[in-house]
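For reference, the structure is listed below as C-alpha coordinates.
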Amino acid sequence: MNAITIRNLSKKYGELTAVDNLNLDIEKGELFALLGLNGAGKTTTIKMLSCLIRPTGGDAILLEDSVNSNPQAVKQKVNVSPQETAVAPNLTVMENLELMAGIYGKDTKTARQSARELSLRFGLDKILGKKAKKLSGGMQRRLSIAMALISDPQILFLDEPTLGLDVLARRELWASIKQLKGEVTIVLTTHYLEEVEVLSDRIGVMTCGRLAAVGTVEELTQQTGKENLEDAFVALSGGAV
Amino acid sequence: MKTMLFAGRNTKEILRDPINLLFGLGFPLILLLLLDVISGAIPEGANNTMFNIENTAPGIATFGTAFFALFAGMLLAKDRTTSFLMRLFASPMTAIDFIMGYTLPLLVMAVVQIIITFAVAGLLGLPLSFDTLLAAVVILPIAILFVGVGLLCGSLLSDKAVGGICGALLTNIAGWFSGVWIPLDLIGGVFKKTAEALPFYHSVEAAKAAGSGNYGLIMPHLTVVLAYAVVFYVLAVLAFRHKMRGDKA
(Lines give C-alpha, C1' and ligand atoms only; values in the text may rest on other atoms or scores of the structure.)
Protein backbone atom coordinates (compact mmCIF):
# COMPACT_ATOMS: atom_id res chain seq x y z
CA MET A 1 0.00 0.00 0.00
CA ASN A 2 1.23 3.47 -0.85
CA ALA A 3 1.95 5.98 1.89
CA ILE A 4 2.63 8.70 -0.68
CA THR A 5 1.16 8.97 -4.16
CA ILE A 6 2.45 11.89 -6.20
CA ARG A 7 0.78 12.80 -9.49
CA ASN A 8 1.99 15.55 -11.84
CA LEU A 9 3.18 17.61 -8.87
CA SER A 10 4.64 20.93 -9.96
CA LYS A 11 5.84 24.13 -8.40
CA LYS A 12 6.57 27.26 -10.37
CA TYR A 13 7.91 30.57 -9.08
CA GLY A 14 7.12 32.95 -11.92
CA GLU A 15 9.18 31.75 -14.86
CA LEU A 16 11.22 29.32 -12.77
CA THR A 17 10.00 25.72 -12.54
CA ALA A 18 11.34 24.25 -9.32
CA VAL A 19 9.46 20.94 -9.58
CA ASP A 20 8.15 19.74 -12.94
CA ASN A 21 5.36 17.14 -13.22
CA LEU A 22 6.64 14.79 -10.55
CA ASN A 23 5.10 11.30 -10.45
CA LEU A 24 6.14 8.92 -7.69
CA ASP A 25 4.77 6.22 -5.38
CA ILE A 26 6.33 5.53 -1.98
CA GLU A 27 5.21 2.48 -0.05
CA LYS A 28 4.25 2.36 3.61
CA GLY A 29 7.26 1.71 5.84
CA GLU A 30 9.73 2.42 3.03
CA LEU A 31 12.82 4.60 3.50
CA PHE A 32 13.04 6.57 0.28
CA ALA A 33 16.08 8.73 -0.45
CA LEU A 34 15.68 11.75 -2.69
CA LEU A 35 18.97 12.69 -4.32
CA GLY A 36 19.90 15.61 -6.51
CA LEU A 37 22.34 18.42 -6.95
CA ASN A 38 21.67 21.76 -5.24
CA GLY A 39 18.58 23.35 -6.80
CA ALA A 40 17.31 20.03 -8.22
CA GLY A 41 13.96 20.45 -6.44
CA LYS A 42 14.36 18.08 -3.46
CA THR A 43 13.59 20.56 -0.70
CA THR A 44 10.74 22.13 -2.70
CA THR A 45 9.23 18.64 -3.11
CA ILE A 46 9.50 17.97 0.63
CA LYS A 47 7.99 21.36 1.39
CA MET A 48 4.99 20.60 -0.85
CA LEU A 49 4.53 17.13 0.65
CA SER A 50 4.64 18.52 4.19
CA CYS A 51 2.17 21.31 3.26
CA LEU A 52 4.70 24.11 3.85
CA ILE A 53 4.07 25.44 0.34
CA ARG A 54 1.19 24.89 -2.07
CA PRO A 55 1.80 23.17 -5.40
CA THR A 56 1.05 25.15 -8.56
CA GLY A 57 0.00 21.95 -10.33
CA GLY A 58 -0.85 18.31 -9.66
CA ASP A 59 -1.46 16.72 -6.27
CA ALA A 60 0.03 14.42 -3.67
CA ILE A 61 -2.01 12.00 -1.58
CA LEU A 62 -0.49 11.16 1.78
CA LEU A 63 -2.29 8.27 3.46
CA GLU A 64 -5.54 9.11 1.70
CA ASP A 65 -5.43 12.86 2.26
CA SER A 66 -4.58 15.44 -0.40
CA VAL A 67 -2.03 18.19 0.23
CA ASN A 68 -4.27 20.47 -1.84
CA SER A 69 -7.70 19.81 -0.40
CA ASN A 70 -6.94 18.65 3.15
CA PRO A 71 -3.57 19.98 4.32
CA GLN A 72 -4.60 20.07 8.01
CA ALA A 73 -5.28 16.31 7.96
CA VAL A 74 -1.95 15.71 6.23
CA LYS A 75 -0.15 17.80 8.86
CA GLN A 76 -1.50 15.55 11.63
CA LYS A 77 0.09 12.50 9.97
CA VAL A 78 3.47 13.83 8.93
CA ASN A 79 6.40 15.58 10.55
CA VAL A 80 9.58 17.25 9.35
CA SER A 81 13.11 17.46 10.63
CA PRO A 82 14.45 20.51 8.74
CA GLN A 83 17.95 20.92 7.37
CA GLU A 84 19.02 23.20 10.22
CA THR A 85 18.77 22.02 13.82
CA ALA A 86 15.35 23.48 14.46
CA VAL A 87 15.19 23.47 18.25
CA ALA A 88 14.12 26.07 20.81
CA PRO A 89 17.55 27.11 22.18
CA ASN A 90 16.57 28.31 25.67
CA LEU A 91 14.27 25.37 26.36
CA THR A 92 15.59 22.16 27.86
CA VAL A 93 15.60 18.87 25.94
CA MET A 94 12.50 17.77 27.89
CA GLU A 95 10.70 21.08 27.30
CA ASN A 96 11.42 20.93 23.57
CA LEU A 97 9.97 17.43 23.34
CA GLU A 98 6.94 18.27 25.49
CA LEU A 99 6.25 21.41 23.47
CA MET A 100 6.08 19.51 20.19
CA ALA A 101 3.97 16.74 21.73
CA GLY A 102 1.52 19.33 23.07
CA ILE A 103 1.28 21.14 19.74
CA TYR A 104 0.25 17.85 18.11
CA GLY A 105 -2.49 17.43 20.71
CA LYS A 106 -0.99 15.17 23.38
CA ASP A 107 -2.02 15.92 26.98
CA THR A 108 0.64 16.76 29.57
CA LYS A 109 0.92 13.23 30.97
CA THR A 110 1.15 11.53 27.56
CA ALA A 111 3.56 14.20 26.31
CA ARG A 112 5.87 13.57 29.25
CA GLN A 113 5.73 9.82 28.78
CA SER A 114 6.44 10.11 25.04
CA ALA A 115 9.32 12.49 25.75
CA ARG A 116 10.90 10.01 28.16
CA GLU A 117 10.50 7.11 25.74
CA LEU A 118 12.02 9.03 22.83
CA SER A 119 14.84 10.41 24.95
CA LEU A 120 15.82 6.84 25.83
CA ARG A 121 15.65 5.79 22.19
CA PHE A 122 17.83 8.68 21.03
CA GLY A 123 20.27 8.65 23.94
CA LEU A 124 19.01 11.96 25.30
CA ASP A 125 17.82 10.61 28.65
CA LYS A 126 20.88 11.80 30.61
CA ILE A 127 20.54 15.39 29.39
CA LEU A 128 16.81 16.00 29.67
CA GLY A 129 17.35 19.08 31.86
CA LYS A 130 20.01 20.63 29.66
CA LYS A 131 19.19 23.63 27.47
CA ALA A 132 19.17 22.79 23.75
CA LYS A 133 21.68 25.53 22.93
CA LYS A 134 24.24 23.86 25.23
CA LEU A 135 24.14 20.55 23.32
CA SER A 136 26.72 19.44 20.77
CA GLY A 137 25.79 19.53 17.05
CA GLY A 138 25.18 15.78 17.03
CA MET A 139 22.96 15.88 20.10
CA GLN A 140 20.99 18.82 18.66
CA ARG A 141 20.34 16.79 15.50
CA ARG A 142 19.15 13.85 17.58
CA LEU A 143 16.85 16.15 19.51
CA SER A 144 15.59 17.65 16.26
CA ILE A 145 14.65 14.20 14.91
CA ALA A 146 13.17 13.15 18.26
CA MET A 147 11.01 16.33 18.14
CA ALA A 148 9.77 15.26 14.71
CA LEU A 149 8.94 11.77 15.99
CA ILE A 150 7.13 12.76 19.17
CA SER A 151 3.92 13.39 17.26
CA ASP A 152 3.97 9.69 16.21
CA PRO A 153 4.04 10.62 12.52
CA GLN A 154 3.21 7.98 9.94
CA ILE A 155 5.41 9.79 7.44
CA LEU A 156 8.67 11.52 8.38
CA PHE A 157 10.66 13.91 6.18
CA LEU A 158 14.35 14.14 7.02
CA ASP A 159 16.04 17.00 5.16
CA GLU A 160 19.80 16.38 5.22
CA PRO A 161 19.75 15.02 8.78
CA THR A 162 23.51 14.48 9.14
CA LEU A 163 24.74 17.66 7.44
CA GLY A 164 27.83 18.99 9.21
CA LEU A 165 28.15 16.11 11.69
CA ASP A 166 31.41 14.29 12.36
CA VAL A 167 31.76 10.62 11.39
CA LEU A 168 30.86 9.24 14.82
CA ALA A 169 27.82 11.45 15.29
CA ARG A 170 26.69 10.56 11.75
CA ARG A 171 26.99 6.81 12.41
CA GLU A 172 25.09 7.14 15.69
CA LEU A 173 22.32 8.99 13.91
CA TRP A 174 22.19 6.36 11.18
CA ALA A 175 21.63 3.74 13.87
CA SER A 176 18.73 5.77 15.25
CA ILE A 177 17.19 6.18 11.77
CA LYS A 178 17.63 2.46 11.03
CA GLN A 179 15.53 1.65 14.10
CA LEU A 180 12.63 3.51 12.51
CA LYS A 181 12.69 1.53 9.27
CA GLY A 182 9.50 -0.37 8.58
CA GLU A 183 7.72 1.45 11.37
CA VAL A 184 7.56 4.92 9.82
CA THR A 185 7.62 5.88 6.13
CA ILE A 186 10.70 8.07 5.73
CA VAL A 187 11.66 10.40 2.92
CA LEU A 188 15.28 11.41 3.26
CA THR A 189 17.27 14.01 1.34
CA THR A 190 21.03 13.96 1.60
CA HIS A 191 24.23 14.68 -0.29
CA TYR A 192 26.05 11.77 1.37
CA LEU A 193 25.81 8.77 -0.97
CA GLU A 194 27.23 6.42 1.66
CA GLU A 195 24.28 7.38 3.84
CA VAL A 196 21.89 6.50 1.03
CA GLU A 197 23.50 3.08 0.57
CA VAL A 198 23.35 2.32 4.29
CA LEU A 199 19.82 3.52 4.94
CA SER A 200 17.55 3.60 1.92
CA ASP A 201 15.29 0.98 0.35
CA ARG A 202 14.89 2.94 -2.88
CA ILE A 203 16.35 6.09 -4.36
CA GLY A 204 14.93 8.83 -6.55
CA VAL A 205 17.33 11.08 -8.45
CA MET A 206 16.03 14.56 -9.25
CA THR A 207 17.55 16.86 -11.81
CA CYS A 208 16.20 20.26 -12.89
CA GLY A 209 12.92 19.65 -11.04
CA ARG A 210 12.28 16.30 -12.76
CA LEU A 211 12.65 12.76 -11.52
CA ALA A 212 15.46 11.33 -13.66
CA ALA A 213 15.39 7.80 -12.21
CA VAL A 214 13.93 5.67 -9.42
CA GLY A 215 15.18 2.35 -8.11
CA THR A 216 17.39 0.48 -5.68
CA VAL A 217 21.17 1.00 -5.66
CA GLU A 218 21.56 -2.11 -7.83
CA GLU A 219 18.85 -0.99 -10.27
CA LEU A 220 20.39 2.47 -10.69
CA THR A 221 23.91 1.14 -11.27
CA GLN A 222 22.54 -1.41 -13.75
CA GLN A 223 20.46 1.22 -15.53
CA THR A 224 23.45 3.53 -16.00
CA GLY A 225 26.01 0.79 -16.57
CA LYS A 226 28.18 2.17 -13.75
CA GLU A 227 30.01 0.33 -11.00
CA ASN A 228 28.82 2.26 -7.99
CA LEU A 229 26.09 4.64 -6.80
CA GLU A 230 28.27 7.74 -6.99
CA ASP A 231 29.05 7.17 -10.68
CA ALA A 232 25.41 6.31 -11.38
CA PHE A 233 24.29 9.49 -9.60
CA VAL A 234 26.75 11.63 -11.56
CA ALA A 235 25.56 10.08 -14.83
CA LEU A 236 21.89 10.58 -13.96
CA SER A 237 22.51 14.19 -12.85
CA GLY A 238 23.98 15.01 -16.22
CA GLY A 239 27.62 15.03 -15.14
CA ALA A 240 30.31 14.02 -17.64
CA VAL A 241 33.10 13.05 -15.22
CA MET B 1 -4.23 25.12 23.85
CA LYS B 2 -1.64 25.40 21.05
CA THR B 3 -1.57 29.18 21.50
CA MET B 4 -0.88 28.86 25.22
CA LEU B 5 1.82 26.19 24.71
CA PHE B 6 3.55 28.39 22.17
CA ALA B 7 3.11 31.47 24.37
CA GLY B 8 4.70 29.53 27.25
CA ARG B 9 7.64 28.60 25.07
CA ASN B 10 8.11 32.23 24.00
CA THR B 11 7.94 33.44 27.59
CA LYS B 12 10.73 31.02 28.57
CA GLU B 13 12.86 31.98 25.55
CA ILE B 14 12.69 35.66 26.45
CA LEU B 15 12.97 35.44 30.24
CA ARG B 16 15.87 32.99 30.16
CA ASP B 17 17.99 35.54 28.31
CA PRO B 18 19.58 37.79 30.97
CA ILE B 19 20.16 40.60 28.44
CA ASN B 20 16.41 40.79 27.88
CA LEU B 21 15.82 41.14 31.61
CA LEU B 22 18.49 43.81 31.87
CA PHE B 23 17.00 45.92 29.09
CA GLY B 24 13.36 45.13 29.65
CA LEU B 25 13.27 45.72 33.37
CA GLY B 26 16.60 47.11 34.50
CA PHE B 27 17.11 49.92 31.99
CA PRO B 28 13.81 51.76 32.63
CA LEU B 29 14.45 51.61 36.38
CA ILE B 30 17.98 52.95 35.96
CA LEU B 31 16.59 55.82 33.88
CA LEU B 32 13.93 56.51 36.49
CA LEU B 33 16.51 56.68 39.27
CA LEU B 34 18.86 58.80 37.14
CA LEU B 35 16.17 61.35 36.29
CA ASP B 36 15.14 61.42 39.94
CA VAL B 37 18.71 62.34 40.87
CA ILE B 38 18.73 65.04 38.15
CA SER B 39 15.39 66.36 39.41
CA GLY B 40 16.77 66.52 42.95
CA ALA B 41 19.81 68.49 41.74
CA ILE B 42 17.72 71.21 40.06
CA PRO B 43 17.30 74.19 42.41
CA GLU B 44 13.68 74.83 43.42
CA GLY B 45 13.98 78.42 42.25
CA ALA B 46 14.61 77.27 38.69
CA ASN B 47 10.91 76.33 38.36
CA ASN B 48 11.80 73.37 36.14
CA THR B 49 9.22 70.63 36.64
CA MET B 50 10.21 68.58 33.61
CA PHE B 51 12.05 65.95 35.64
CA ASN B 52 9.49 65.74 38.43
CA ILE B 53 8.47 62.15 39.09
CA GLU B 54 4.88 62.94 37.94
CA ASN B 55 6.30 63.74 34.49
CA THR B 56 9.11 61.22 34.20
CA ALA B 57 7.29 58.10 35.48
CA PRO B 58 4.64 57.96 32.68
CA GLY B 59 7.32 58.81 30.11
CA ILE B 60 9.73 56.09 31.22
CA ALA B 61 6.95 53.52 31.60
CA THR B 62 6.01 54.32 28.00
CA PHE B 63 9.61 54.34 26.72
CA GLY B 64 10.35 51.01 28.45
CA THR B 65 7.82 49.24 26.23
CA ALA B 66 9.95 50.12 23.17
CA PHE B 67 12.21 47.19 24.08
CA PHE B 68 9.35 44.80 23.38
CA ALA B 69 9.75 45.56 19.67
CA LEU B 70 13.30 44.25 20.01
CA PHE B 71 12.23 41.15 21.95
CA ALA B 72 9.41 40.30 19.50
CA GLY B 73 11.53 40.96 16.42
CA MET B 74 14.60 39.04 17.63
CA LEU B 75 12.58 36.03 18.75
CA LEU B 76 10.66 35.76 15.48
CA ALA B 77 13.71 36.44 13.27
CA LYS B 78 15.75 33.78 15.12
CA ASP B 79 12.89 31.28 14.89
CA ARG B 80 12.80 31.93 11.15
CA THR B 81 16.51 31.70 10.50
CA THR B 82 17.01 28.53 12.58
CA SER B 83 14.08 26.79 10.83
CA PHE B 84 12.32 26.33 14.17
CA LEU B 85 9.40 28.22 12.63
CA MET B 86 9.47 25.95 9.57
CA ARG B 87 9.03 22.97 11.90
CA LEU B 88 6.05 24.68 13.51
CA PHE B 89 4.58 25.71 10.14
CA ALA B 90 4.50 22.00 9.26
CA SER B 91 2.45 21.34 12.42
CA PRO B 92 -1.32 21.83 12.76
CA MET B 93 -0.79 25.30 14.31
CA THR B 94 -2.79 28.10 12.69
CA ALA B 95 -1.80 31.70 11.94
CA ILE B 96 -3.84 32.83 14.97
CA ASP B 97 -1.90 30.42 17.23
CA PHE B 98 1.36 31.97 16.04
CA ILE B 99 0.34 35.63 16.22
CA MET B 100 -1.28 35.31 19.65
CA GLY B 101 1.52 33.05 20.88
CA TYR B 102 4.08 35.73 20.10
CA THR B 103 1.94 38.67 21.26
CA LEU B 104 0.39 37.51 24.56
CA PRO B 105 3.58 36.89 26.57
CA LEU B 106 5.04 40.22 25.47
CA LEU B 107 1.93 42.10 26.49
CA VAL B 108 1.90 40.38 29.89
CA MET B 109 5.59 41.28 30.32
CA ALA B 110 4.82 44.87 29.27
CA VAL B 111 2.08 45.08 31.93
CA VAL B 112 4.47 43.73 34.59
CA GLN B 113 7.19 46.16 33.49
CA ILE B 114 4.79 49.14 33.61
CA ILE B 115 3.53 48.13 37.07
CA ILE B 116 7.08 47.74 38.41
CA THR B 117 8.10 51.11 36.91
CA PHE B 118 5.13 52.86 38.58
CA ALA B 119 5.73 50.96 41.85
CA VAL B 120 9.36 52.15 41.97
CA ALA B 121 8.18 55.65 41.01
CA GLY B 122 5.83 55.38 44.01
CA LEU B 123 8.83 54.71 46.24
CA LEU B 124 10.46 57.82 44.76
CA GLY B 125 7.46 59.98 45.62
CA LEU B 126 4.85 59.48 42.88
CA PRO B 127 1.40 59.52 44.51
CA LEU B 128 -0.19 56.17 43.62
CA SER B 129 -3.93 56.13 42.98
CA PHE B 130 -6.61 54.86 40.60
CA ASP B 131 -5.25 57.38 38.08
CA THR B 132 -1.87 55.58 38.13
CA LEU B 133 -3.65 52.37 37.21
CA LEU B 134 -5.45 54.19 34.40
CA ALA B 135 -2.11 55.56 33.16
CA ALA B 136 -0.78 51.99 33.05
CA VAL B 137 -3.77 50.91 30.93
CA VAL B 138 -3.34 53.93 28.63
CA ILE B 139 0.26 52.85 27.91
CA LEU B 140 -0.82 49.43 26.60
CA PRO B 141 -1.69 50.57 23.02
CA ILE B 142 1.90 51.74 22.47
CA ALA B 143 3.10 48.36 23.80
CA ILE B 144 0.88 46.69 21.19
CA LEU B 145 2.33 49.04 18.56
CA PHE B 146 5.90 48.10 19.55
CA VAL B 147 5.09 44.36 19.49
CA GLY B 148 3.53 44.89 16.04
CA VAL B 149 6.65 46.69 14.77
CA GLY B 150 8.80 43.87 16.19
CA LEU B 151 6.71 41.15 14.55
CA LEU B 152 6.73 43.05 11.25
CA CYS B 153 10.52 43.40 11.30
CA GLY B 154 10.99 39.83 12.55
CA SER B 155 8.85 38.52 9.66
CA LEU B 156 10.87 40.34 7.03
CA LEU B 157 14.42 40.87 8.31
CA SER B 158 17.36 38.91 9.71
CA ASP B 159 17.99 38.96 13.46
CA LYS B 160 20.99 41.27 12.93
CA ALA B 161 18.86 43.78 11.01
CA VAL B 162 16.14 43.52 13.66
CA GLY B 163 18.74 44.33 16.33
CA GLY B 164 19.71 47.48 14.46
CA ILE B 165 16.24 48.68 13.58
CA CYS B 166 14.21 47.68 16.65
CA GLY B 167 17.10 48.05 19.09
CA ALA B 168 19.21 51.06 18.19
CA LEU B 169 16.97 53.00 15.79
CA LEU B 170 13.48 52.55 17.23
CA THR B 171 14.45 53.05 20.88
CA ASN B 172 16.30 56.25 19.97
CA ILE B 173 13.44 57.60 17.87
CA ALA B 174 10.93 56.67 20.56
CA GLY B 175 13.11 58.30 23.23
CA TRP B 176 13.98 61.55 21.44
CA PHE B 177 10.52 62.18 20.02
CA SER B 178 8.61 61.27 23.18
CA GLY B 179 9.29 64.60 24.86
CA VAL B 180 10.48 62.82 28.02
CA TRP B 181 14.10 63.98 27.87
CA ILE B 182 13.71 67.08 25.71
CA PRO B 183 11.07 69.82 26.13
CA LEU B 184 9.39 69.86 22.70
CA ASP B 185 7.90 73.35 23.20
CA LEU B 186 11.37 74.75 23.83
CA ILE B 187 12.76 73.34 20.57
CA GLY B 188 9.63 73.76 18.44
CA GLY B 189 9.79 73.84 14.64
CA VAL B 190 10.23 70.71 12.56
CA PHE B 191 11.34 68.67 15.58
CA LYS B 192 8.09 69.35 17.43
CA LYS B 193 5.97 68.78 14.33
CA THR B 194 7.74 65.44 13.72
CA ALA B 195 7.17 64.42 17.33
CA GLU B 196 3.50 65.30 17.04
CA ALA B 197 3.18 63.25 13.85
CA LEU B 198 4.63 60.18 15.58
CA PRO B 199 2.85 58.15 18.29
CA PHE B 200 5.48 58.26 21.07
CA TYR B 201 4.81 61.81 22.30
CA HIS B 202 1.05 61.19 22.21
CA SER B 203 1.37 58.03 24.28
CA VAL B 204 3.37 59.87 26.96
CA GLU B 205 0.90 62.77 26.98
CA ALA B 206 -2.07 60.37 27.25
CA ALA B 207 -0.39 58.59 30.19
CA LYS B 208 0.42 61.91 31.87
CA ALA B 209 -3.18 63.05 31.39
CA ALA B 210 -4.49 59.80 32.91
CA GLY B 211 -2.01 59.97 35.80
CA SER B 212 -2.99 63.55 36.64
CA GLY B 213 -6.75 62.98 36.35
CA ASN B 214 -7.21 65.08 33.19
CA TYR B 215 -9.39 62.44 31.58
CA GLY B 216 -10.58 64.71 28.75
CA LEU B 217 -7.05 64.92 27.35
CA ILE B 218 -6.55 61.16 27.11
CA MET B 219 -8.48 60.22 23.98
CA PRO B 220 -7.22 62.93 21.59
CA HIS B 221 -3.67 61.67 22.19
CA LEU B 222 -4.56 57.99 22.49
CA THR B 223 -6.44 58.01 19.17
CA VAL B 224 -3.16 58.73 17.34
CA VAL B 225 -1.42 55.84 19.15
CA LEU B 226 -4.31 53.45 18.49
CA ALA B 227 -4.27 54.30 14.77
CA TYR B 228 -0.53 53.56 14.55
CA ALA B 229 -0.99 50.35 16.59
CA VAL B 230 -3.76 49.05 14.32
CA VAL B 231 -1.83 49.84 11.11
CA PHE B 232 1.45 48.24 12.26
CA TYR B 233 -0.21 45.22 13.82
CA VAL B 234 -2.24 44.54 10.67
CA LEU B 235 0.94 44.92 8.57
CA ALA B 236 2.71 42.48 10.92
CA VAL B 237 -0.08 39.91 10.58
CA LEU B 238 -0.06 40.25 6.78
CA ALA B 239 3.74 39.90 6.60
CA PHE B 240 3.65 36.86 8.89
CA ARG B 241 0.89 35.15 6.90
CA HIS B 242 2.87 35.81 3.73
CA LYS B 243 5.90 34.10 5.28
CA MET B 244 3.71 31.24 6.46
CA ARG B 245 2.59 30.57 2.90
CA GLY B 246 6.28 30.47 1.98
CA ASP B 247 5.65 31.27 -1.69
CA LYS B 248 9.07 32.51 -2.67
CA ALA B 249 11.80 30.95 -4.76
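Computed 3J(HN,Hα) for the range B:60-67, one whole-Hz value per residue from the Karplus formula 6.51 cos²θ - 1.76 cosθ + 1.60 where θ = phi - 60°, is 6, 4, 5, 4, x, 6, 4, 5, glycine and proline marked x.
Close amide-amide hydrogen proximity is noted between B:Ser158 and no other residue 5 or more places distant or on a separate chain, at a cut-off under 5 Å (H modeled in the peptide plane; Pro and chain starts excluded). Among the listed pairs A:Lys106/B:Lys160; A:Lys77/B:Lys243; A:Lys106/B:Lys243; A:Lys178/B:Lys160; B:Lys2/B:Lys160; A:Lys28/A:Lys134, those with a Cα-Cα distance over 31 Å are A:Lys106/B:Lys160; A:Lys178/B:Lys160; A:Lys28/A:Lys134. For chain B, the share of accessible area belonging to carbon and sulfur comes to 73 percent (1.4 Å probe, ligands and nucleic acids excluded). All Cα-Cα separations within chain B were binned at 5 Å from zero, giving a P(r) of 1, 7, 13, 18, 18, 15, 11, 7, 5, 3, 1, 0, 0, 0, each value a whole percent of the pairs. Accessible surface computed residue by residue for the range B:2-248, with neighbouring protein chains in place and a 1.4 Å probe, gives 43 Å² per residue. Within the protein assembly as shown, the proportion of Cα pairs with more than 34 Å between them is 45 percent. In chain A, the convex hull through the Cα atoms has an average projected area of 13.4 nm², a quarter of its surface area.
Mind checking the mean number of beta-carbon atoms from other chains within 10 Å of the Cβ atoms in B:9-16?
Counting other chains' Cβ atoms within 10 Å and averaging over B:9-16 gives 4.
Annotation: the antiparallel percentage among DSSP beta bridges lying fully within chain A is about 55.
Judged by the mean number of other Cβ atoms found within 10 Å, the most tightly packed of the peptides A:11-23, A:39-51, A:96-108, B:32-44 leads the ranking A:39-51, A:96-108, A:11-23, B:32-44. DSSP beta bridges fully contained in the range A:128-241 are about 50 percent antiparallel. Given a 10 angstrom Cα cut-off, can you work out which residue in B:Gly125, B:Gly163, B:Gly73 is the most mobile in a GNM of chain B? Per the Cα network of chain B with a 10 Å cutoff, B:Gly125 tops the list. Taking every DSSP beta bridge that has both ends in the protein assembly as shown, the antiparallel portion is near 55%. What the pair-distance distribution of the range B:154-249 shows, using all Cα-Cα distances binned every 10 Å from zero, is 15, 34, 31, 15, 5, 0 percent.
Across the range B:2-248, Cα pairs under 8 Å and at least six residues apart give a relative contact order of 27 percent. In the assembled protein chains, B:Thr94 presents an accessible area of approximately 60 Å² (probe radius 1.4 Å). Proximity of backbone amide H atoms, modeled 1.01 Å from N, is registered between A:Ala213 and A:Val205 at under 5 Å, excluding neighbours fewer than 5 places apart on the same chain. Residue by residue along A:83-92, Cβ atoms of other protein chains within 10 Å of the local Cβ number 6 on average. Each Cα pair under 8 Å and six or more residues apart adds its sequence gap; the mean of these over the residue count of chain A is a relative contact order of 26 percent.
Calculate how large, on average over all directions, the projected area of the Cα convex hull of the range B:94-237 is; give the answer in nm² to one decimal. Don't skip to the answer; put the middle values down first.
Values: hull surface 38.3 nm².
Quarter of the Cα hull surface area: 9.6 nm².
What residue among A:Arg116, A:Arg142, A:Arg202 has the largest mean-square fluctuation in a Gaussian network model of chain A, using Cα springs under 10 Å? Result for chain A, Cα springs under 10 Å: A:Arg116 fluctuates most.
Per-residue packing, averaged as other Cβ atoms within 10 Å, sorts the ranges B:211-217, A:150-156 into the order A:150-156, B:211-217, beginning with the highest.
The string of couplings for the range B:167-178 from the Karplus curve (6.51, -1.76, 1.60, θ = phi - 60°) is x, 6, 5, 5, 5, 5, 4, 4, x, 5, 8, 8 Hz, one whole number per residue in order, with x for Gly and Pro.
One way to sum up the overall shape of the range B:1-70 is the equivalent ellipsoid from its Cα gyration tensor, whose semi-axes run 36, 12, 7 Å, largest first.
Both chains summed, the buried accessible area for A and B stands near 2600 Å², from protein heavy atoms and a 1.4 Å probe. Remark: mean inter-chain Cβ contacts per residue of A:95-102 equal 3, using a 10 Å Cβ-Cβ cutoff to other protein chain atoms. Cross-link partners for B:Lys12 among the aspartates and glutamates, with Cα-Cα distance under 19 Å and sequence neighbours closer than 8 places in the same chain left out: A:Glu95, A:Glu98, B:Asp79, B:Asp97, B:Asp159. Highest GNM mean-square fluctuation among B:Val147, B:Val138, B:Val190, for chain B modelled with Cα contacts below 10 Å: B:Val190. Compared with the dominant Cα axis of chain A, that is its longest principal axis, helix A:93-103 is turned about 70°.
Could you state the number of Å between the C-alpha centres of the range B:208-249 and the range A:190-209? When both Cα centres are located, 49 Å separates them.
The values are calculated or read from the model by the stated rules, or taken from the named source; none is laboratory data. Not measured: the values here are computed from a predicted model. All Cβ positions, even for glycine, are placed from backbone atoms using ideal geometry, and neighbour counts span all protein chains on display. Keep in mind that these areas ignore ligands, DNA and RNA; they rest on the heavy atoms of the full protein, side chains included. Shrake-Rupley method; radii C 1.70, N 1.55, O 1.52, S 1.80 Å.
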